[in-house]
Amino acid sequence: MMPAGRHAAERIGQGRCRQNFDRTRPAAFAAICHRCSVHTTRLPAWKIGDQEGPQLRVNCLTSKTTSPEAHRLSTGSFTSRPRKMAPNYGTASSRQENAPNGSADAAHEERAPLLGKQEHGSVSERLRRHMTANVSTAWGDLALLSSYIITGLVDSCAVFIWGSFLSMQTGNTVYVGLGLAAPNDSNRWIRSGISILSFIFGSYCFSRYHRHLGGRKRWVMLSSYFVQMLMIVAAALLVTLGPKTGTSGPVTVFIAVPIALVAFQSAGQAVSSRVLGYNALTGVVLTSIYVDLFSDAQLFAAPTQNVQRNQRLAAPILLLIGAFFGGLWAHSEVGLAGALWTAVGLKLATTIAWAFWPAEPEEAS
């Protein structure tokens, strides 16, 4: 039987409900949650204006439902009456209870910690939505074009010092063919073969990483570039702390492992171009870009009228800039280590950019 009197219900946070029953005459009531069978606790009588009545509270902490219809509360009456408390004359609690707004202040104090948890949960929820949202492909070409600087930087320096490419596998394939024709002339074909195999394995791993975990999800893009950066860091540490190497001599761990790490992460750059929908901007190939650029019917159109032409024009220019600075590092005392640490800084900047990259319009709303 439903009790007479005023019935106010308020839902605070997920999986938590509160229900207050106020009556103008002293009585006692019980409430039970149909979903989890949690009983209420009876509280002593308190003042509502100039009338007296009990207050019952239900705090259901076990239910996880978010639907008010699925989580209903029913009430029934007790046969016994609540024991009246002795008045606290002259105390702060009695003055608060006798005050006209004492009930509102008490309710506010009750809700304060719960609302604090709700705000904390809302921040976590916003962060979760931010990290799981798909990043927008708009201006995604900027992140891919930065890869051409890294490619030119490390490849120019590696070819000068080790005699093999780390990212562009067309030249490495030629070196392997030359080495198979005369395997005893040099071991450059072995270094090129290590780079090719690592690039192939990296393409296999990064493509499945994006395919199975969410493609353009922000945390997937961010973690992918973070792994690429860590691989360049490991290669830079080996080159910095290891012995001095060159084009001659055996292929040691301090040569083979850095080649494999940088080639593996270069495959991640190429896979990102497929994920973002800019298939031409792989960061490792220029031949097809030259063909598409100079065969474009709108080659001389205004800059705002041919975006793809702008991308194809920027790619070789950026790779040339990277190769220039890689050559400067190669002729310096720092050598390949300087080029690799510069690549780490560029990769770190791109990784941070993915954390704040705009989401797709429909998900950003």
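The values are calculated or read from the model by the stated rules, or taken from the named source; none is laboratory data. Everything quoted here is computed from the prediction, not taken from an experiment. For neighbour counting, all protein chains shown are included, and Cβ atoms are generated from backbone atoms with ideal geometry for every residue, glycine included.
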- State yes or no: is Phe324 surrounded by fewer than 17 Cβ atoms within 10 Å (Cβ to Cβ) and more than 21 Å from Phe160 (Cα to Cα)? no
- Item | Counted residues, the stretch 255-274 - those being in contact with a Lys or Arg (Cβ under 9 Å, 6 or more places away or on another chain) and either without any contact (Cβ under 8 Å) to a residue 40 or more places away in the chain or surrounded by fewer than 22 Cβ atoms within 10 Å (Cβ to Cβ) (or both) | 1
- Could you list, in sequence order, all residues of the stretch 149-194 that are more than 17 Å from Leu261 (Cα to Cα) and charged (D, E, K, R)? Asp185, Arg188
- Residues that are modelled with pLDDT under 90 and among the hydroxyl-bearing types (Ser, Thr, Tyr), drawn from the stretch 246-281: Thr247, Ser248
- Message: Given the options Ala302, Ala330, Ala315, Ala343, name the one that is over 27 Å from Ser224 (Cα atoms), crowded, with 16+ Cβ neighbours inside 10 Å and aliphatic (A, V, I, L, M).
- Response: Ala330
- Note on the structure: All-but-one check, Pro258 against (1) outside any helix (DSSP H, G or I); (2) closer than 25 Å to Glu333 by Cα, failing number (1)
- Note on the structure: Ala182 fails exactly one of (1) free of Cβ contacts under 8 Å to residues at least 24 places away in the same chain; (2) surrounded by 14 or more Cβ atoms within 10 Å (Cβ to Cβ), namely (2)
